[in-house]
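A quick write-up on the structure given underneath.
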Amino acid sequence: MLLLMDTANIKEIKQSIEMYPIDGVTTNPSIIAKEKRDFIELLKEIRDIIGYDKMLHVQVISQKADEIVEEAKYINKEIGGNLYIKIPVIPEGIKAIKMLKGEIKTTATAVFTPQQALIAAKSGADFVAPYVNRLDNISANGIKVVSNIVKLINIYNFNTKVIAASFKNVEQIYGVCMAGAHAITVNYDMINQMIFHPMTDWSVLQFVKDWENFYGNKKIRT
């Protein structure tokens with residue numbers, strides 16, 4: 001299972017890479033715009049921080065296939081490394097995924113149905129990214145959609161992997177992992193919530209209290 005950070009914030013990326021077993025970073029135009037910096041300059045800094053082996057997913061903004069391909073090639077040339085170009089699953093996006101197959105790795109994004117994922121996978125997308133919480137918000141079942149996408153990919157032996165995105169709670173993350181998602185991408189707050197439990201903190205405090213009751217301030221290695 002791959003664990004990626006869904007952020008373009010340099011501080012969050014540095015802290016996450018240092019603390020957790022992060023496999024890469026995902027971005028989108030909204031996330032990038034929040035940082036209020038030059039697009040390519042920011043991406044280059046992210047690449048420098050995570051290195052060239054970790055995944056970096058970067059989304060295009062154009063909506064015509066030829067322009068999407070041009071943007072993909074430009075981003076690939078400027079950023080390089082283990083790069084995936086995120087392309088929305090609109091008809092022109094699917095066309096662009098086909099055009100880029102074998103040349104530049106792609107992630108089909110803004111996926112809301114198994115049918116969209118199926119077409120993207122057949123077109124050559126390396127990843128498909130279903131939006132879990134956004135599905136839940138329209139009274140659909142995001143976890144079930146992810147599960148069905150995984151099943152379709154396995155039935156037809158596509159090389160495509162599922163990177164589940166858009167989470168608001170850790171139960172959604174647990175659900176997509178149990179559904180067989182190959183990867184998840186989460187924001188900084190969510191990855192910290194994944195590791196937090198009040199009983200863990202209470203247990204640690206109790207360990208320290210019991211130790212200090214007998215040993216005082218003595219450390220294990222003095």
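Observations on the model:
- Residue in segment 155-170 that is assigned to a helix (DSSP H, G or I), free of Cβ contacts under 8 Å to residues at least 24 places away in the same chain and either touching a Ser or Thr at 6+ places or on another chain (Cβ under 6 Å) or closer than 29 Å to Pro91 by Cβ (or both) present: yes
- Matching residues in segment 63-88 - criterion: being among the aliphatic types (A, V, I, L, M) and either in contact with a Gly (Cβ under 9 Å, 6 or more places away or on another chain) or over 16 Å from Pro29 (Cβ atoms) (or both): Ala65, Ile68, Val69, Leu83, Ile87
- Every residue from segment 1-13 that is surrounded by 13 or more Cβ atoms within 10 Å (Cβ to Cβ) and either touching a residue at least 40 places away in the same chain (Cβ under 8 Å) or part of a helix (DSSP H, G or I) (or both): Leu2, Leu3, Leu4, Met5, Asp6, Thr7, Asn9, Ile10, Glu12, Ile13
- Qualifying residue in segment 131-142 (condition: closer than 23 Å to Met55 by Cα, in a strand (DSSP E or B) and in contact with a Gly (Cβ under 9 Å, 6 or more places away or on another chain)): yes
- Of all residues in segment 80-95, those that are without any contact (Cβ under 8 Å) to a residue 60 or more places away in the chain and under 11 Å from Thr106 (Cβ atoms) have Cβ atoms under 8 Å from Cβ atoms of residues that are in a loop (DSSP other than H, G, I, E, B) and charged (D, E, K, R), 6 or more apart or on another chain, in Leu83/Lys105; Tyr84/Lys105; Tyr84/Asp126; Ile85/Lys105.
Let's see how each residue does on (1) out of contact with any His (no Cβ under 6 Å at 6 or more places or on another chain); (2) in a helix (DSSP H, G or I); (3) of a type outside the set (Lys, Arg):
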{"site": "Asp48", "(1), (2), (3)": "yes, yes, yes"}
{"site": "Gln63", "(1), (2), (3)": "yes, no, yes"}
{"site": "Glu70", "(1), (2), (3)": "yes, yes, yes"}
{"site": "Lys73", "(1), (2), (3)": "yes, yes, no"}
{"site": "Lys98", "(1), (2), (3)": "yes, yes, no"}
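- Extreme residue, farthest from Val162 (Cα to Cα), among residues of segment 64-80 that are surrounded by fewer than 16 Cβ atoms within 10 Å (Cβ to Cβ) and in contact with a helix residue (DSSP H, G or I) (Cβ under 6 Å, 6 or more places away or on another chain): Glu78
- Annotation note: Cβ proximity below 7 Å between a residue of segment 110-137 that is on the phi > 0 side of the Ramachandran plot and a residue that is assigned to a helix (DSSP H, G or I) (sequence gap 6+ or interchain) occurs for Gly124/Ile97; Gly124/Lys98.
- Filtering segment 100-117 to residues that are over 12 Å from Ala65 (Cβ atoms) and part of a helix (DSSP H, G or I) leaves Pro114, Gln115, Gln116, Ala117.
Yes or no, residue by residue, for (1) assigned to a helix (DSSP H, G or I); (2) in contact (Cβ under 8 Å) with a residue 60 or more places away in the chain:
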site: Cys177; (1), (2): yes, yes
site: Asn192; (1), (2): yes, no
site: Leu205; (1), (2): yes, no
site: Asn217; (1), (2): no, no
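Each value in this text was obtained by applying a stated rule to the coordinates, not by laboratory testing. Just so we're clear, the structure is a prediction, and the values are computed from it rather than from any experiment. Using ideal geometry, Cβ is built from the backbone for each residue, glycine included, and neighbour counts are taken over all protein chains shown.
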